[in-house]
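Working notes, structure below.
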Amino acid sequence: MSRALLEVIALHAADAERAEAGGADRLELVGTMDSGGLAPEPETVERTCAATSLPVRAMLRLREGFGTDGGEVVRLRGLASAYARAGAAGLVLGFLNAHTEIDRGVISEITNDAGLPWTLHRAVDSCIQPDRAWQVIPHLGCDQVLTAGSARGVEEGLDDLIARATSDPVAAQLIMAGGGLHADHVPWLLRAGVRAFHVGSSVRPTGSFKAYVDSDLVAMWRKLIDATLRRVESAQTES
């Protein structure tokens, strides 16, 4: 059986330790969940990487929204380099231009310098023309796209995620479903070919980011994904 990736949002080393104990495969490290997740300090990256054997991808985002300017790009490039020195295994980023399209120039400037694998963040969900964005994405150099299918979350975007993954094998390989992901979304997404999932508040008591990651809740997601994937692949083999 193939294995689906489970990525957990972490804010510090304690979250990382608990996520690993629960069976997560990777961490997205943020400094704060304000504005949907902002960049951590390099020292936080270093402490978190030291606390876990899981690969850590650090969020590269300085303010609300997905825009940026020249001055910020310089700072973002510096942060990316600092994250690499601190032990980060990758980056998480996504920027849009004034036309609400993927900003290929800014993204390539940052990622070419960093030399790390990276996830395209949910900027894609805010693009004015998602189909056009998905024509660009395979040429950006990212190895994953965190997307809910809608800026309003997976609950609203599930049908679009399923349709895209079903119709486009390249998209199916890149999609990491996240943004208000619920357990009942998982079977539909696995059947559509999605093999990566991203969770945050759902692995914390009361769903609050003020609480630490709970390893038992991570384990529940791990078991759900693995068991459902076994059923999906068994059914596909039989058919």
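Before moving on, here are some points about what is shown:
- Top positive-direction residue, dipole computed over the chain with Cβ charges, set 201, 22, 37: 22
- Charged side chains reduced to their Cβ positions (Lys and Arg at +1, Asp and Glu at -1) give the chain a dipole of some 300 debye around its Cα centre.
- Helical runs assigned H by DSSP (4 residues or longer) give the chain a calculated mean residue ellipticity at 222 nm of -13500 deg cm²/dmol, each run adding -39500 (n - 2.57) before division by the residue total.
- Residues residue 170 and residue 236, FRET efficiency given R0 of 25 Å [Cβ-Cβ distance, rounded to 0.05]: 0.85
- Radius 10 Å from Cβ of residue 179, net charge of other residues (Lys, Arg +1; Asp, Glu -1): -1
- Across the chain, C-alpha contacts under 8 Å between residues 6 or more apart give a mean separation that, scaled by the residue count, equals a relative contact order of 20 percent.
- Gaussian network model of the chain, springs between alpha carbon atoms under 10 Å - residue of 194, 73, 186 with greatest fluctuation: 73
- Among the trypsin sites (Lys or Arg not before Pro) in the range 1-70, those placed in a DSSP loop whose Cβ has at most 12 other Cβ atoms within 10 Å are 3, 63.
- Surrounding net charge for residue 126, when Lys and Arg each add one and Asp and Glu each subtract one, Cβ distance under 11 Å: 0
- The range 79-172 - percent relative contact order, Cα under 8 Å, separation 6 or more: 23
No value in this document is a laboratory result; all are computed from the given coordinates. Remember, it's a predicted structure, so these values are computed and weren't measured experimentally. Reconstructed Cβ throughout: ideal geometry from the backbone, glycine too, with neighbour counts over all protein chains shown.
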